[in-house]
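Take a look at the structure below.
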Amino acid sequence: MLQGEIQRIIDMGVVTRLNTRVGKDVSVEELEKQFDAVLWTVGCKAGRPLPVPGADAPNCITGVDFLSDFNQKQLHTVPKRVVVVGGGDTSIDVASVARRLGYSFIPSAPDDNASEGAQIGYVAHDVAALGVREGAKVTLTSLFSVEKMTAAKHEIDDALREGVDIQSGVMPLEVIRDASGKATALKMCQCKMDGMRPIPIEGTEYVIETDLVVSAIGQYGDLTQGLEGLNNGRGFIDTDAFYQVKGRKGHFAAGDIIRPHLLTTAIGQASIAADSIDHYLKHDQLVKRPKVDVHHFNLLAKLKEAHLEPEPFKAVGDMRGTSSAKFAVHNYEDRSAMEVIAPVALFLGHFGFTPRLHRQSIHVTAEEVLGHFSERMVGLNPEEAITEAKRCMSCGMCFECDNCVVFCPQAAVVRTPKKEATTGRYVYTDYGRCIGCHICADVCPTGYINMGMGE
């Protein structure tokens, strides 16, 4: 799927330049000379280390590095005891992968020439010679209680079921190291939270013995090697509401490098950034964006596409009514300021009850988790996916149900003639017949019709 998306972009004429690090192989100044606008979508590929003494031990790594090594097939096994510090989705991913990889006892020392990721396990040829693999003891610690952890609840439940020991309401104090500098334990204590700041509780200190410490407490962008000027001091890039980089004309940013969040968030930000870049290149003034910034159906654009745009306005004669004028657009409400359609605006009697189709979840026990890399969520089949999609009520949109036409007691709501109709212009109102009874709004299933005096 990803390869297909990349190919689609290339087929549009986008030129790619691979194996090039901006800032090192090509400077930001060179980019500014070659291009009129720059969009930074570099993501957050650096994990935050533990902010405690001893965290620079060679067997203290970040969750980002751990998962990267696993995905690149550099990591095939883990030490016998693993402690993951976090509480979010990344920490759950690390703990789940560690439980699946398991521990294999190898009498010989690891390969000194192995990659950095292989330092926490062994290289592939070592693993190939292994015998029996055992389940690793994996402990996950969180500042918050289990109920308040930021990870998805079903992910937490799966981790507990798979044998991960979750210790909540605790904070790390120090990484305890041996004479060689390697971490052997993590000193912890109970804590209470003051907002997002943990406060240690004296007298509750204890130690978790471990062979590997994984810090999954956050991510930031790698803004080094020539990109320091973009860094806001916290490993991110600051932008305004139009996703323009603050203080750098012609520079824009989107995605996790602004604030790590959902994939859909990054896609939305990039869409707005692309629109901002278009305005910037045309030297157009950027207009204020709506509070809820999403794509909106634009009837005027649709009418123009269908060659049905309104005629130019001319002030002639009595202007008190516009129901028959060709310069005005009727039966259309721009709801960009009201993104949420309240249930009271819907005519729920139009919809029959259709139960939701839930995806099936495959539960893996602690005894079964070792080597289990199959999908745990069973997706809907095509027929089920279509059935589930049909449950959408199209809130705030017209899906041409004819209720307004059928139930209008004055026959004032009429279908638009085919030669004048297009998406968004399905009916029109004869205001010589309309008495403002609101019945059309009452029977509108989606809340599309909003009675008012116009603009």
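Taken together, the values in this text are just the output of simple stated rules run on the coordinates, not laboratory data. Everything numeric in this text was worked out from a predicted model, so none of it was measured. Using ideal geometry, Cβ is built from the backbone for each residue, glycine included, and neighbour counts are taken over all protein chains shown.
Here is how the numbers come out for the structure above:
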quantity: Of 313, 57, 216, farthest towards positive along the dipole that unit charges on Lys, Arg, Asp, Glu beta carbons give the chain; calculated: 313
quantity: Potential lengthening between residue 316 and residue 180 on full extension [0.36 nm per residue; Cα-Cα distance subtracted]; calculated: 39.8 nm
quantity: Two-site label geometry, residue 323 and residue 385: point separation in nm, points 7 Å out along Cα→Cβ; calculated: 4.8 nm
quantity: R0 of 30 Å, Cβ-Cβ distance residue 434-residue 305: FRET efficiency to nearest 0.05; calculated: 0.55
quantity: Fraction of beta bridges assigned by DSSP in the chain that are antiparallel (%, nearest 5); calculated: 55 percent
quantity: Percent RCO, i.e. relative contact order, over the chain, from Cα pairs under 8 Å lying at least 6 residues apart; calculated: 15 percent
quantity: Debye equation applied to the C-alpha atoms of the chain, log10 I(q)/I(0) at 0.08, 0.09, 0.12 Å⁻¹; calculated: -0.72, -0.86, -1.19
quantity: Tensor-based shape of the stretch 179-237 (alpha-carbon gyration tensor, a/c under 1.5 rounded, otherwise prolate or oblate); calculated: oblate
quantity: Within the chain, helix-based [θ] at 222 nm, where runs of 4 or more DSSP H residues each add -39,500 (n - 2.57), nearest 500; calculated: -6000 deg cm²/dmol
quantity: Net dipole in debye of the chain [+1 Lys, Arg Cβ; -1 Asp, Glu Cβ; about Cα centre; nearest 20]; calculated: 1020 debye
quantity: Efficiency of FRET from Cβ geometry, residue 285 and residue 33, R₀ 30 Å, rounded to 0.05; calculated: 0.70
quantity: Filter on 24/288; 24/148; 249/304; 282/304 - keep pairs with C-alpha separation over 31 Å; calculated: 24/288; 24/148; 249/304
quantity: Which of 164, 14, 146 has the fewest Cβ neighbours within 10 Å, and the rest in rising order; calculated: 14, 146, 164
quantity: Estimated vicinal HN-Hα couplings, Hz - the stretch 343-349 in sequence order (Karplus 6.51, -1.76, 1.60; Gly, Pro = x); calculated: x, 5, 7, 8, 9, 5, x
quantity: Among 40, 18, 91 - extreme Cα towards positive end, dipole of the stretch 6-107, charges at beta-carbon; calculated: 91
quantity: Full-extension gain in nm, residue 441 to residue 1, via 0.36 nm per residue minus C-alpha separation; calculated: 154.1 nm
